[in-house]
Each structure stands twice: as structure tokens, then as C-alpha cells.
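J.: There's a structure below that I have some questions on.
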Amino acid sequence: MTPAQLSRTVLRTVRRVAGDGALGELSPGALDGLPERITVGRPPRPGCGDYATNAALRLAAVTGRPARSVAEVLRERLAREAGIAEVAVAGPGFLNITVAGGARAELVEALAAREGGYALAERTDPARDVRGWAAATGGEPGPKLLEQRESNPLFLVQYAHARARALLRGARALGFAPEAGAGGYAYDAPREAELLGALAEYERVAAPGDTGRLARRLETVADGLLGIHASVLPLGEHKPLAAHRARLALAQAAGTVLAGGLSRLGVTAPVHL
């Protein structure tokens, strides 16, 4: 489930709750003030679900009902929706939403399916890449962007992409392939959930054309991928399990997003680094 899909689900639920009497009789014209769009985003703190929304606060504002009461009604309705595992009310009426494991797997599969849609390069083109990254971020194309260390954001993102490609090659050598949600894998480990959240918001961040913001999102994805990459392939003589196939699909999805983002910035997505 992408943020856009969840936003539509929340908006549909808001309209139903406002229109079916769940909040009691509303004043004439109250429905005219219903929001036309609802946005969801990452919760401000880890462990508070996958997404957060102020939909209840907005509905309370146009209906005149207490926000916590409105939030409880929305919570109960949203918890019935397919793809949503849990909804909790926080603070004055925010809703924290946890999506089901199957919905996470669908997102991983959708992102990974884009592989092959972007131009990859065997190696980096340092001069071109430094100019492209500096232009995208408003920085200077100086020697620091040539440093091969993770404190260099250009190197970090390109290195993470190359690692994703290396994981796929390693898996092929071991005889297994990526499979989103293999064996019911839910991607609920903290680092995996954080990475998936960063991937889920990529399109929303990339769409406005703010290249600096896009570059920062790619750094977040790169950090997330490097945080899980050690657990993707089996160690030693251990055989690949369903968890390895599922994690490989997440790594593939991250690599695909990195390739797409680098392409938008006019920077090489290297296969080797």
C-alpha cells in the first residue's frame, strides 16, 4: 500500500463518516467544508505505526465535534479496511496507522518491478556525477564529492546502489531470487520498516521537482539499505530461507528507487563501485 493509496482510503472513510450519521446530525452546509485531499506521512517517532494523519482534526474542524471523538470513529472504521492492520489515536486526535504485512509486500513488489526501467552504468563518471550532484543540491562541485567515504552523500548513494546490485548477483550465485513477502514476511523489523517508509514516500518527494529534497531522500534510502544489507544473504554454509528472499526483494526495491532518483538528478547509477 502506497501513501497515495492510503490517502485515498482515509479520504473515502472521512466522507463516509461525515455522510452516514456516525457523528450525529450535522449543521446545514457542514459537508461543504470537507477536505478534498488527505495526506499521510511518517509518524514523528519510531514505533508509532507506518503512517500518521491529521484527518480527524480536519473533520472535527468542519463538523464542530470533539477531535478525539471523531478520531475514535475514524479509527474504528479504518481498522476494517483491507491492508490496514491497526489504527491508534494519539495526542489531540492524530491517527497512527500500521499497514498489514501483505500490503507492505505489495509495495515492495511494485517498487522492485521497476527494475530495468533506468539506465545503469558499469562505473561512475566522476566529473559528470560531481557536477550533477552539485547542481541538484546547490553545492559546490569540489573535491569533497570525490571522496570515497559515507560522509560524502554522492558516494553514499552510489555505493548503496552498487551494493543492491551486488546483493542480486550474490543471490543468483547462491541459486535464489527476490520474492516480496516470501513466507508471509511482514517487513516489521525496525530497520526494514524505516527503509520501507522512506521508499514509500519517494514518489511524493520526487514529484514536485525539488532536486535538493530528492537528493536528501536518496541519502535516507541509501542509509536504510546499508542498515539491512548484512542480513540479506545467508551467512557461511546456511541455506537461503524465505526471509532472505523477502529481504532481497526489499534491497532490490531500494536499488531501483536509487537508480531512478540518480537518473532524475543526472548522476550515474553504477553497477560496480
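J.: Taking R0 as 35 Å, what's the FRET efficiency between residue 151 and residue 4 from their Cβ-Cβ distance, rounded to 0.05?
T.: It comes to 0.55.
J.: Against the longest principal axis of the chain, how steep is helix 190-200, in degrees 0 to 90 to the nearest 10, with axes from Cα atoms?
T.: 80 degrees
J.: At a 1.4 Å probe radius, carbon and sulfur cover how many percent of the accessible area of the chain?
T.: Exposed carbon and sulfur together represent 50 percent of the surface.
J.: State the extension gain, in nm to one decimal, for the chain segment bounded by residue 191 and residue 177, taking 0.36 nm per residue of separation less the distance between their alpha-carbons.
T.: Fully extending the segment from residue 191 to residue 177 adds 2.9 nm.
J.: Taking 51 Å as R0, compute the FRET efficiency from the Cβ-Cβ separation of residue 242 and residue 20 and round it to 0.05.
T.: Rounded to the nearest 0.05, the efficiency is 0.75.
J.: Here is a follow-up. Compute the long axis of helix 101-112 from its Cα atoms, compare it with the longest principal axis of the Cα atoms of the chain, and write down the angle in degrees, 0 to 90, nearest 10.
T.: Result, in degrees: 40.
J.: Return one whole number: the accessible area per residue of segment 1-158 in Å², for a 1.4 Å probe.
T.: Result: 53 Å² of accessible area for each residue.
J.: How many nm is it between the label spots at residue 144 and residue 216, if each spot is 7 Å from the Cα in line with the beta carbon?
T.: The modelled label-to-label distance comes out at 1.6 nm.
J.: Could you point to the label whose value was computed as Cα Rg over 2.2 N^0.38 Å for the structure here, given [x] 1.14; [y] 1.93; [z] 1.38?
T.: Comparing each candidate, only [x] matches the computed number.
J.: Now for a separate question. Could you work out how far apart the two model spin labels at residue 123 and residue 203 are, taking each label as a point 7 Å from the Cα in the direction of the beta carbon, and quote it in nm?
T.: 3.7 nm
J.: Classify segment 88-140 from the C-alpha gyration tensor, please: rounded if a/c falls under 1.5, else prolate or oblate depending on whether a/b exceeds b/c.
T.: Oblate shape, in that a/c is at least 1.5 and b/c is the bigger or equal ratio.
J.: If you take the square roots of the eigenvalues of the alpha-carbon gyration tensor of segment 197-273 and sort them as a ≥ b ≥ c, do you get rounded (a/c under 1.5), prolate (a/b over b/c) or oblate?
T.: prolate
J.: Between residue 32 and residue 68, 0.36 nm times their residue separation minus their Cα-Cα distance comes to what?
T.: 10.8 nm is the gain from fully extending residue 32 to residue 68.
J.: Given a Förster distance of 25 angstrom, what is the FRET efficiency for residue 86 paired with residue 235, based on the Cβ-Cβ distance and rounded to 0.05?
T.: 0.15
The values are calculated or read from the model by the stated rules, or taken from the named source; none is laboratory data. In this text the structure is predicted, and so the values were computed from the model without any measurement. Cβ: placed from backbone, ideal geometry, glycine included. Neighbour counts: every protein chain shown. These area figures cover heavy atoms from the full protein model, side chains too; ligands, DNA and RNA do not enter into them. Shrake-Rupley method; radii C 1.70, N 1.55, O 1.52, S 1.80 Å.
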